[in-house]
Amino acid sequence: MHTLKQMDPKLYAEVIRKQAQVWDDLIAAFTDTWDRLFQPLWTAENRVSVDDVLADLAYGRD
């Protein structure tokens, strides 16, 4: 605490502001990486319609 009493108040405020900014940037970077880690790389696309499936099922019955 002795050193803080000798520090310029404006400089101290700037140091605290930059420290908070670094923490915010780190949290944002880790959160973004964490979110991307659990997102699927691909998604399934439904290319077959229900009508096609029902028509295939009914094909052998006729």
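The values are calculated or read from the model by the stated rules, or taken from the named source; none is laboratory data. This is a predicted model, so every value here is computed, not measured. We place every Cβ from the backbone using ideal geometry, glycine too, and count neighbours over all the protein chains shown. For the accessible areas, the whole protein counts, side chains as well, though only heavy atoms, and no ligand, DNA or RNA atoms are used. Shrake-Rupley method; radii C 1.70, N 1.55, O 1.52, S 1.80 Å.
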With at most 16 other Cβ atoms within 10 Å, longest stretch of the chain clear of loop chymotrypsin sites (Phe, Trp or Tyr not before Pro) (DSSP): 1-37
Theoretical gain in end-to-end length, Ile16 to Val50 [0.36 nm per residue, Cα-Cα removed]: 6.2 nm
Once exposed loop trypsin sites (Lys or Arg not before Pro) are cut out (DSSP; at most 14 other Cβ, 10 Å), longest piece of the chain: 1-46
Integer Hz, Karplus 6.51/-1.76/1.60 couplings in order for segment 16-29, x for Gly and Pro: 5, 5, 5, 5, 5, 5, 4, 4, 4, 5, 5, 4, 5, 5
Accessible area of the chain belonging to carbon and sulfur atoms, whole % at 1.4 Å probe: 62 percent
Accessible area (Å², per residue) of the chain, counting only protein heavy atoms and a probe of 1.4 Å: 106 Å²
Cα pair distances exceeding 20 angstrom across the chain, given as percent: 66 percent
Candidates Asp32, Asp24, Asp51, ranked by Gaussian network fluctuation over the chain, Cα under 10 Å, top entry: Asp51
Whole-Hz couplings from phi, Karplus 6.51/-1.76/1.60, listed for segment 51-56; x for Gly and Pro: 4, 5, 5, 5, 5, 5
